[in-house]
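Quick note: the coordinates plus some simple rules give every number you see, no bench work behind them. It should be emphasised that the depicted structure is a prediction, and the values quoted were computed from it without experimental measurement. All Cβ positions, glycine included, derive from the backbone under ideal geometry; neighbour counts span all protein chains shown.
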Amino acid sequence: MGTLSHAISSELQAAQQRLLQLRAEVRASRPEVEGQQRALFEEVEKDGKRPFPTTISQLPAHLGWESAAVTQALRQGKPAQSAIVRPTAVSVETAVSHSPTLPKTIKLYPDVALGLLRQEQVAAGRLWLLLQAADTTGCGWLDESRARQLFSSKRGDLRFCGVRQLRNLLAQGDDLFWVRQNGRIWLRSVAKVAFALEIPRLKLRPVALPVSVLRQKIGTVRAHLYATFHSSRTRPDQAKKPISRETVEQITEVTPRTQRRYERKAKVKRQAQFAIGGVASTDSLQARAWEQGQATFQFKDFKGAQGPQGKSYVAWQLPNSYVGPHAPQPKGRQKRINQTLTDLFMQGMTGNDQRLSVTRRFFDNGRFAAKSYSRNPEQDHYWRGHGNANYQLWQVMGSILLS
């Protein structure tokens, strides 16, 4: 078998010879060029008048990519440059990620605030409100480590207690204001908290409670929770209506003496109210005194605003009106919350919005109890009777199983 041979053209052979000749010339001139470059770099470093070039584009025209001295110098300069830039980037990212913008106020329903006072859950309820303020993303949960940093750390933005007190409050409010699982604090909704506080319906307009108030002493927090009642009744475009302390006590279950103390702490403004009747006479003054008691007095109109100047009228003092320190807020989801509350009171509640058909056993009056008893006589049904601050009596329709 013969062998194959390939003929090489004369042009290709000439090109190869030219390439070999150029390579030999470059190799012969490289030691001299590198020596000149090293001498130039040493002179620049000793002189210190101009900075060392950091990129190839800043080098002189006679220095190229194939220079070993330039490559070595640039490699030595890289770690120093990256060491300066990287810590700055990391510190900026850390500062942004751990400094969320906390709200200055939180939306609070006065019915819930009064429920916290009635059920003596102000301490844990305050933490529930602060957790809502700390949940800036609105996801409904907060890391326990984040909560400890905010509420118990010396530099915490919402610090109000120590680590031990925070642990006690978390245990106290478990299953009422939140549920803890996998290192997270899952917050209960307003409807579920109102249901747990035995609030059947939200009637009062919500107000804006300053977050800074929640960080103060517990007595101040109680005062502002009470003051939300007066703030919800304040309207900028309407006259403030008088309300007696007896009526306020029936609604809030706060005694008049405590009302005055709370109003001083929360800076609730009071305004005296008076009524002016007919022309004063012996009979009219006596008749009004039978109804108003010591609040009746004789008013003399020196300026003539009510009639002839200098004439006297029957007058009596009305209950005070009050202006709360908090700004009213729009109702927003209040109607939907009331619908949820109705469902919870009628059907019961378990888990996350999982409802069971649980028959109610306690009612406000006998009519509702009898109506429910006719549908399910196998259980006892109760309705509210007489009671006072020390005890509460209930009337009962016994189960047919016990008869």
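Side notes on the structure shown:
- Share of alpha-carbon pairs per 5 Å distance bin for segment 271-323, given as whole %: 5, 22, 27, 20, 16, 9, 2, 0
- Assigned charges on the beta-carbon of Lys, Arg, Asp, Glu; segment 109-172 dipole about Cα centre (debye): 360 debye
- Calculated diffusion of segment 105-266, Stokes-Einstein form, Kirkwood radius summed over Cα pairs, 10 °C and 1.306 mPa s, µm²/s: 96 µm²/s
- Packing-based exposure ordering (other Cβ within 10 Å, fewest first) of Arg184, Arg18, Arg118: Arg18, Arg118, Arg184
- FRET efficiency for the pair Arg155 and Glu249, taken as 1/(1 + (r/R0)^6) with r the Cβ-Cβ distance and R0 = 56 Å, rounds to 0.85.
- For segment 175-333, convex hull of alpha carbons as volume per residue, Å³: 161 Å³
- If you count Lys pairs in segment 223-318 whose Cα atoms are under 14 Å apart, skipping same-chain pairs closer than 8 places in sequence, the total is 4.
- Segment 264-323: relative contact order in percent, alpha carbon pairs under 8 Å with at least 6 residues between: 47 percent
- Distance in nm between pseudo-label sites at Gln216 and Asp175 (7 Å out along the Cβ direction from Cα): 3.5 nm
- Spin-label model distance (nm) - Ser374 vs Phe297, 7 Å beyond Cα toward Cβ: 5.8 nm
- On the basis of the beta-carbon distance and an R0 of 30 Å, Ala287 and Lys241 show a calculated FRET efficiency of 0.75.
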